[in-house]
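A short write-up of the structure that comes next.
Read the figures in this text as sums done on the coordinates, not as results from a lab. Just so you know, these numbers come straight off a predicted model, no measurement behind them. Positions of Cβ are generated from backbone atoms using ideal geometry, with glycine treated the same way; all protein chains shown enter the neighbour counts.
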Amino acid sequence: MLQRVDPATLATDRTRSRAEPIAFAIMVALLVIAPFFAYPQFLMQALCFALFACAFNLLIGYGGLLSFGHALYFGWASYIAAHLAKVGAISFPVWYWSHAWIWVTIPLPPLSPELAILGGMLAGALLGLIAGSLAIRRQGIYFAMITLALAQMMYFFALQAKFTGGEDGIQGVPRGKLFGLVDLTGQTSMYVTTLVIFLAGFLLIYRIIHSPFGEVLKAIRENEARAISLGYKTDRYKLVAFVLSATLAGLAGATKAIVLQIASLTDVNWPMSGEVVLMALVGGLGTVFGPVAGAFFIVTMQNYLAQAGQWVIVIQGVIFVACVLLFRRGIIGELANVLRIRL
Amino acid sequence: MGAGVFEIFGISSQALLVQLLLGLINGSFYALLSLGLAVIFGMLNIINFAHGAQYMMGAFTAFFLLQYVGLGYWVALIVAPVTVGILGMVIERLFLQWLYTLDHLYGLLLTFGLALIIEGVFRNYFGASGLPYQMPESLTGGQNLGFMYLPNYRAWVVVFSLFVCLTTWFVIERTKLGSYLRAATENPTLVRAFGINVPRMITLTYGFGVALAALAGVMAAPIYNVSPQMGSDLIIVVFAVVVIGGMGSIMGSIVTGFGLGIIEGLTKVFFPEASSTVIFVIMAIVLLIRPAGLFGRRA
């Protein structure tokens, strides 16, 4: 049997570029001063989508797995977080041994925002584990179709389930007090919280990408058969990547529910899955900063074109086509190419 | 209750047969659409996300023909697939042909973009509500079969789509033209070396697959209303159908399409809440038991 090569020894200094810390510092500086120039509400929304796009990019950019159903984790996490923050009590049917369903209720009070977000994140992780273990059974194009179909199934559940409020969604979600201390109703405290959550998620993804695990993931993306022949159980790596991505997408969705104080069907429906693909694509698939740039680009566009109605969708379609045909590297990818650095 | 009516699990055979027929009709559309997807994927290695939008365009073409030109259903049944098919070939020449050397995923992303553009434009001009399309007069009415009432139009849809599916299967599997197609799917370089114009074949194949979608759209127009989003909901179900059947076999797509339509119809009788999700649940079960799909080959 061949000796398994320790991926840590493969990850040479070349994979870590000096440009990345500088770019990170620039990004943090921009995000700190941004509230003085733009509406905090808009920035917080963009930050949630940026984290969502980064989580999605972990799968496609580094594992080569195109999930076309990421709205599932984002949307359901936002429902769970909104429910926990507003109502708290959880009831679910249990199969009782004497041939009957009984409803079991866990009487929880409305939870504080950090616990609500944690709950949403866990929901994302659990759903990611279930959907991921089904989807990784097929490769390539089938993987995309399976994730899309599973997301659509859960969209129908969200449409029918009582607690989601159907077409109305869950409205008026209280922002509450963080750890029972910091009042989040003010925009400043909410912005700082959102920024901290975003940066924590971003740094975690950065760490994953540059870890030995991330290197194996890239190997699977480049040549799965070879990775298998080197002794890696690629299915396990793919599943772990999928669950991590779904968890972070859940973190983004749960945060969005607290920030915008609403969870609705828009967040679980398939156009949202398409939107996050577009954000990552516009910014640059497989770049660290690309999804952030892409998310800000798309959210800005949606805000400016809010009056244009259906034309927003047409423009998104045009951007899709243009990106695939002309700018497959995306904004950040092209920039990195011009500057000859890694971003 | 009249003669010939019986009950199964407390449900009258009447209700059961009506839902079965509705299931067969949905199954016809699943079969036609997944057949088109399979043919396109075989030649182009692209999953055509715009398939739902092209189905919708077929229905709208029929609507336009009746509304503005005064040409009825039978003309639309030929004109709409040809028009939308030609549009498909233009799309292939303009956009898709640049993607064949790239990862399959880019084809999915590009056609998704095209679907957004087409659907968005139609929504802009026709809103989200459905427009009615009149049934052809020769197919109104129905037959009383004693145990159930069979509307003529629905019987026509099932029979005609079965005919189209089987003809497609025959052409691809049993004729010389089909053998070129299958050979080009296996090894395009070699087929080109034999002097066959493969790029033109690819264009025509895409046009044909798209025309099948448009044909399904025309047939759907009198049953469901004509609306801009009629395709996008359907295409995701068809993707699940394709995952269940696997795209390796033409007959597999046809059987899976009709079969799942029937199962969906039966679910509407016995457990209506699950009727919108049953196909996805079956997909999950198939993935657990036979990951390659019912008729698929392990890639």
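Would you pull out the residues with amide H under 5 Å of A:F68's amide H, same chain only if 5 or more places away, H placed 1.01 Å from N?
A:T147, A:L148
Mind putting together the pair-distance distribution for the range B:117-161? All Cα pairs, 5 Å bins, whole percent per bin, short to long.
Going from the shortest bin to the longest, the percentages are 5, 17, 16, 15, 10, 14, 13, 5, 4, 1.
Could you point to the residue in A:A149, A:I228, A:V182 farthest towards the positive end of the range A:142-271's charge dipole, with +1 and -1 charges on the Cβ of Lys/Arg and Asp/Glu respectively?
Of the listed residues, the answer is A:I228.
Each label point is 7 Å from the Cα along the Cα-to-Cβ direction; what then is the distance between the points at B:R200 and A:K233, in nm?
Each label point lies 7 Å from its Cα, and together they span 5.4 nm.
Any lysines with Cα under 24 Å of the A:K233 Cα? List them, leaving off those in the same chain fewer than 8 positions away.
A:K218
Round to the nearest 0.05 the FRET efficiency obtained for B:L294 and A:V32 when R0 = 51 Å and r is the Cβ-Cβ distance.
Details: r = 55 Å, r/R0 = 1.09.
FRET efficiency, B:L294 to A:V32: 0.40.
Please compare each pair in A:K86/A:K256; A:K86/A:K238; A:K86/B:K268 to a cut-off of 25 Å on the Cα-Cα distance and tell me which ones are over it.
Values: A:K86/A:K256 14 Å; A:K86/A:K238 35 Å; A:K86/B:K268 35 Å.
Table pairs above 25 Å Cα-Cα are A:K86/A:K238; A:K86/B:K268.
I want to make sure I understand the PRE zone here: with the label point 7 angstrom from the Cα of B:Q229 toward its beta carbon, which residues in the range A:145-166 have backbone N atoms less than 19 Å away?
A:148-161, A:164-166
In a shell of Cβ-Cβ distance under 11 Å around A:A77, excluding A:A77 itself, what net charge do Lys and Arg (+1) and Asp and Glu (-1) give? Write down the numbers at each step before the final one.
On the way: positive: A:K256; negative: A:D267.
The answer is 0.
Using only Cα atoms, what Kirkwood radius does chain A have, in angstroms? Before the final figure, lay out the partial values.
Details: mean 1/r = 0.0481 Å⁻¹.
Roughly 20.8 Å, rounded to one decimal.
May I ask you to evaluate 6.51 cos²θ - 1.76 cosθ + 1.60, the Karplus curve with θ = phi - 60°, for each residue of the range A:179-194 and list the ³J(HN,Hα) values in order in whole Hz, giving x for glycine and proline?
Per-residue couplings from phi come out as 6, x, 10, 8, 6, 8, 5, x, 5, 5, 5, 5, 5, 4, 4, 4 Hz.
Could you work out the pair-distance distribution P(r) of the protein assembly as shown from its alpha-carbon pairs, with 10 angstrom bin width and percents rounded to whole numbers?
P(r) for the protein assembly as shown, in whole percents per bin: 3, 15, 25, 25, 19, 10, 3, 1, 0.
Could you list which residues have their amide H under 5 Å from that of B:G142, counting only those 5 or more apart in sequence or on another chain, with H placed in the peptide plane?
The list, which skips near neighbours in sequence, is B:N152.
Mind computing the radius of gyration and Dmax over the alpha-carbon atoms of the range A:94-205? Å is fine for both.
In order Rg, Dmax, the Cα atoms of the range A:94-205 give 18.4, 54 Å.
Provide Rg and Dmax in Å for the range B:73-223, with only Cα atoms included in the calculation.
Expressed in Å, the Cα Rg and Dmax of the range B:73-223 come to 19.2, 61.
If I build a Gaussian network model for chain B, linking alpha-carbon pairs within less than 10 angstrom, which residue out of B:S249, B:S161, B:S13 has the largest mean-square fluctuation?
B:S13
Once you keep just the Cα pairs under 8 angstrom separated by 6 or more residues, what percentage relative contact order results for chain B? Don't jump to the answer; show the numbers that get you there.
Values: 426 pairs, mean separation 110.6, N = 299.
Value for chain B: 37 percent.
For A:E334 and B:T140, FRET efficiency with R0 = 51 Å and r from the beta-carbon atoms, rounded to 0.05?
Computed FRET efficiency for B:T140 and A:E334: 0.30.
Under the Kirkwood approximation for Rh and a Cα-based Rg, what ratio Rg/Rh is obtained for chain B?
Working: Rg = 19.7 Å, Rh = 20.0 Å.
With Rg and the Kirkwood Rh in hand, the quotient comes to 0.98.
Toward the positive end of the charge dipole of the range A:187-284, about the Cα centre and with charges on Cβ (Lys, Arg +1; Asp, Glu -1), which of A:T194, A:A257, A:L244 goes farthest?
Among A:T194, A:A257, A:L244, the one farthest towards the positive end of the dipole of the range A:187-284 is A:L244.
Please check: in the Gaussian network model of chain B (C-alpha springs, under 10 Å), which one of B:G252, B:G36, B:G142 has the largest mean-square fluctuation.
Highest fluctuation of the listed residues: B:G142.
Return a whole-number percent for the relative contact order of chain A, with Cα pairs under 8 Å and 6 or more residues apart as the contact set. Intermediate results must be reported in sequence, preceding the final value.
Details: 569 pairs, mean separation 108.7, N = 343.
Value for chain A: 32 percent.
Cβ under 15 Å from A:A254's Cβ, A:A254 left aside: what net charge do those residues give with Lys, Arg +1 and Asp, Glu -1?
On the way: positive: A:K86, A:R175, A:K256; negative: A:E114, A:D267.
Spelling it out: positives minus negatives among the neighbours equals +1.
List the aspartates and glutamates whose Cα lies under 20 Å from the Cα of A:K177, skipping any in the same chain that are fewer than 8 positions away.
Filter leaves A:E114.
Output ³J(HN,Hα) for the range B:131-141: one whole-Hz value per residue in order, computed from phi by the Karplus curve 6.51 cos²θ - 1.76 cosθ + 1.60 with θ = phi - 60°, and x for Gly and Pro.
Karplus values, whole Hz, x for Gly and Pro: 10, x, 10, 6, 6, x, 4, 5, 10, 6, x.
What helices does chain B hold that run 24 Å or longer along their axis, going by alpha-carbon atoms, with a Kyte-Doolittle average of 1.6 or more, using DSSP H for the helix calls? Provide the component values of the computation, followed by the final result.
On the way: long enough: B:13-44 (45 Å, 1.76); B:73-94 (31 Å, 1.73); B:104-126 (33 Å, 1.17); B:152-174 (32 Å, 1.07); B:198-220 (33 Å, 1.48); B:250-270 (31 Å, 1.42).
Within chain B the helices that satisfy the rule are B:13-44, B:73-94.
Once amide H atoms are built 1.01 Å from N in the peptide plane, which residues 5 or more positions from A:I90, or in another chain, come under 5 Å H to H?
Hits under the 5 Å cutoff: A:I106, A:L108.
What nm distance separates the two modelled labels at A:I22 and A:H210, each placed 7 Å from Cα along Cα→Cβ?
In this crude spin-label approximation the distance works out to 1.5 nm.
Pick from A:A257, A:A89, A:A144 the residue whose mean-square fluctuation is largest in a GNM of chain A, springs joining Cα atoms under 10 Å.
A:A89
Could you work out the per residue convex hull volume over the alpha carbons of the range A:167-255, in cubic angstrom? The partial results should precede the final answer.
Values: hull volume 12.4 nm³, N = 89.
Residue-normalised Cα hull volume stands at 139 Å³.
Estimate the FRET efficiency between B:W74 and B:L266 by the formula 1/(1 + (r/R0)^6), using the beta-carbon distance for r and 30 Å for R0, to the nearest 0.05. Could the numbers behind the result be given before it?
Values: r = 33 Å, r/R0 = 1.09.
Taking R0 as 30 Å, the efficiency between B:W74 and B:L266 is 0.40.
Using the Karplus equation 6.51 cos²θ - 1.76 cosθ + 1.60 (θ = phi - 60°), what ³J(HN,Hα) coupling, rounded to whole Hz, does each residue of the range A:277-283 give in order, writing x for Gly and Pro?
So the J values, rounded to whole Hz, are 4, 4, 4, 5, 5, 4, x.
Taking square-rooted eigenvalues a ≥ b ≥ c of the alpha carbon gyration tensor, is the range B:148-282 rounded, prolate or oblate, where a/c under 1.5 means rounded and, failing that, a/b exceeding b/c means prolate? Don't skip to the answer; put the middle values down first.
Numbers: a/c = 2.20, a/b = 1.92, b/c = 1.15.
Taking the square roots of the gyration eigenvalues as a ≥ b ≥ c, the range B:148-282 is prolate.
With every atom except the alpha carbons ignored, what do you get for Rg and Dmax of the range A:246-343, in angstroms?
Answer for the range A:246-343, Rg first and Dmax second: 14.4, 43 Å.
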